Each structure stands twice: as C-alpha cells, then as structure tokens.
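Data block below; observations after.
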Amino acid sequence: MIVLGVESSCDETSVSLSRDGKTILSNVVLSQIDLHKAFGGVVPEIASREHIKGITVVFEQALKEAKLTPSDVDLVAVTQGPGLIGSLLIGINAAKAFAFANDIPIIGVHHIAGHIYANQIASDMVFPLLCLVVSGGHTELILMRDHFHFEKLGETKDDAIGEAYDKVARVLGLPYPGGPAIDRISDQGQSSYPMPQIQVEGFNFSYSGLKSHVINLVNTLRMKKEPIDVASMAKSFQEAAVAHVMDKSIQAFNAYDVKMFMIAGGVAANRLLRQNVEKTFGDGLLSIPAFKYCTDNAAMMSIAGYYQYQKQKDTATMALNGYSRLNL
Ligand code: KG4
Ligand code: ZN
C-alpha cells in the first residue's frame, strides 16, 4: 500500500511517499526557517504564503524522488491539526485536490500521532509502550496499548518544553529556532547558574516557571550591567529542562508495566535528552527517531496515516477541514 503524506502545520512544507507503513520512498521538506529567523519566530501570514508557493513543487518532487505517478498512490494522509490554521489549510486543500483529481481516498491525521509514528520507521512498536512527546507546542506522556490507541497520562500545565527553549534562546540573543541553538552552545558552558526545582503533580509538566526564572535572571544581570555567560546559562537551563521530562518519564515508566519507551517531537532531536534516555531506558526496548524525523516532516504523517487507516478503515470526504486545536 502506497501512502502519500502531507504536512504543513507550521513552517515546513512537506510531502512524503511510503510503502506498507514502513519504507520511506521519498520525504521532501521545504523549510522556511531562514525567512522567519529575522522575526525571531514563525510569522503565520508569511508561513501561509510560503506554503502556497511551495506546495505543488513539493508534491511533484516527492513523486519524482519515489519514482511513482499519482495512479500508484492508494491513500492520501494529511495533517489535520493542531497547528497554524492558515498553514494547515494549504496542505489540506492541496491534498484534497490531489485525492479528488486522482480518485484516491483521503484521511486527516493528528500532527502528534505523526510525531509518535516517526518511531515506527526504524523499529516496530511493541505494546504497551510509553511515549514522551516533546515539541514546540506539546509536552505529554502517552500510553499506547495498541496502534492508534492514545491514553494521555499527563501534559504540560502551561508552556511546552520547545516553547521554553525558544523563549530562553530569544532572551539570550540566540537565533531561531532556539532549541538547536541552546543544544549547540551548551557544549561550551558550565551548569553554573542555579535553576528552580520544578514541582507539578502527577505525570504533568510545567515550564513557565523555569522559563520566567531564566528571563528574570538575564534581565536582572543586564540591569546591573553584570556579564552573562550565555553558554553556561543555556547549559544550566537545558539541564533543568531535560531533568524535568526525565523525572516524569521515570515515574510513569515505573507506574505502568510497559514494554517499550519512545520519544517524539522536535525536542527529541536534543542531544542531552537522547543521551539521558539511552542511559535510563537503553537496557530495555527503546525507540528514538532519527534526527531527520524528529522535527516536522511528511514521512511521519504518511506512516501514521497507514496505521490509522488499518485500524479505523474510514476515510474522509471532501468536507475534510483543518483545526488549530485538536485532541489526540
Ligand atoms: O515538532 P516540531 O518540529 O514542531 C512542533 O510540532 O512544535 O518542534 C519544534 C520545536 C522547537 O521548539 C525547537 O526549538 C525544538 O523543537 N527543537 C529542539 C531541538 N531541535 C528542535 N529543542 C531542543 N534541542 C534540539 N536539538
Ligand atoms: Zn511538530
């Protein structure tokens, strides 16, 4: 079964073709990062316009790289939400037009299901499993007892971890996106700045206190005209940020009898998190997506689409719509 995946929920225009929910035949990702850099974050209006400019070329390129024609495609899987509504609608309308013109069934897929299924590319999921989702908009612990069965054990009560990375990077004068910038510069620092111990009940998360602590600390030092060691501030923040998701993951892992541990989302590209997860869960079944499948891409959407279709069998109509907020 050939699935064509489409992803346009934020600032990446991407189309991918995969076979039988496993083999990635192509994964074309057109990133807008350089355009948004000047503004220190994603500008939704610019993002929508760039998706419009790129989407048909990305469709054509993905088919070409996979050496396939539209008639080879059995299913179209498009990100339905959550995300920037203007951006989502470009991918959805392009996917619907492609599906309608070529008489192919179409389904809408949740963006986070896509991130989770990036794990299925390298190794098969073994249930029950625990997945730590860490992205720009989400920080969640998900229990899966089967394919496309998502039980949320906890989530962030305020900011997502990626959001905290991006805001802290911004106050430190590091380029957008902040996550990779903090990840890199931390190598040159020491964990010399004290950070607060994050307290939140159950398997939930909280990042606004840590984020505000760093912003206040930086502003106070600037007001006093005292020097700021950016690399050490980045490292101190990163260690506290990663320690929080690790603490909650270990607690949940011990509370549920799971066979596998996985991480998913843009922050899963973080080297310190990957090292910690390897160290802690590496003795058992562990899945960490390849770097290229951590941040937004259509390969993960096409794999998720395959499993969603196997499980639910129902397809959407041409009334398929996008949603800026959507429950998993
Ligand atoms: O999953 P994603 O591409 O988009 C969303 O669905 O949100 O995640 C983007 C987030 C951004 O906040 C970015 O700063 C963060 O992932 N990120 C990282 C790293 N690479 C991307 N955070 C920490 N370390 C990284 N290496
Ligand atoms: Zn994402």
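Nothing in this text is a laboratory measurement; each read-out follows from the coordinates by a stated rule. Keep in mind that what you see is a predicted model, and the values were worked out from it rather than measured. With ideal geometry, Cβ positions are generated from the backbone for all residues, glycine too; neighbour counts draw on all protein chains shown.
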Student exercise, region 124-288 dipole from Lys, Arg, Asp, Glu Cβ charges, in Debye to nearest 20 = 560 debye
For the chain, what is the percent of antiparallel DSSP beta bridges, rounded to the nearest 5?
-> 55 percent
Looking at the chain, which longest stretch skips every one of the trypsin sites (Lys or Arg not before Pro) that is in a DSSP loop with at most 10 other Cβ atoms within 10 Å, leaving the sites themselves out?
-> 68-223
Total charge dipole magnitude, the chain, about the Cα centre, Cβ charges on Lys, Arg, Asp, Glu only, Debye to nearest 20 = 420 debye
Label model pair Asn93, Asp20: point-to-point distance (7 angstrom along the Cα→beta-carbon line) in nm is 3.8 nm
What length, rounded to one decimal in nm, is gained on full extension from Met1 through to Phe39, with 0.36 nm per residue of separation minus their alpha-carbon distance?
-> 9.5 nm
Checked against the positive end of the charge dipole of the chain (+1 on Cβ of Lys and Arg, -1 on Cβ of Asp and Glu, about the Cα centre), the farthest of Asn93, Ser302, Ser236 is Ser236
Work out the length of the dipole vector of region 1-87 about its Cα centre, built from +1 on the beta-carbon of each Lys and Arg and -1 on the beta-carbon of each Asp and Glu, and round it to the nearest 20 debye.
-> 80 debye
Residue (of Gly136, Val277, Ile250) at the positive-pole extreme of the chain, dipole from beta-carbon charges | Gly136
Residues whose modelled amide H sits under 5 Å from the amide H of Leu25, counting only those 5 or more places away in sequence or on another chain, are Leu17, Ser18, Arg19
Restricting to region 124-288, what percent of DSSP beta bridges are antiparallel, rounded to 5?
-> 55 percent
Could you list the GluC sites (Glu not before Pro) in region 192-288 that lie in coil according to DSSP, counting only those with at most 10 other Cβ atoms within 10 Å of their Cβ?
-> Glu201
Part-to-part distance (alpha-carbon centres) for region 125-157 and region 260-328, which is given in Å | 9 Å
Past 32 Å, Cα to Cα, is the threshold; run Lys22/Lys157; Lys64/Lys313; Lys53/Lys167; Lys96/Lys248; Lys67/Lys259 against it and keep the listed order.
-> Lys22/Lys157; Lys96/Lys248; Lys67/Lys259
From DSSP H assignment alone, runs of 4+ in the chain each adding -39500 (n - 2.57), the sum over residues rounded to the nearest 500 puts [θ] at 222 nm at -14000 deg cm²/dmol
Could you go through region 302-317 in sequence order and give the Karplus-derived ³J(HN,Hα) for each residue, using 6.51 cos²θ - 1.76 cosθ + 1.60 with θ = phi - 60°, rounded to whole Hz, and x for Gly and Pro?
-> 6, 5, 4, x, 4, 6, 4, 5, 4, 7, 9, 6, 8, 10, 8, 9
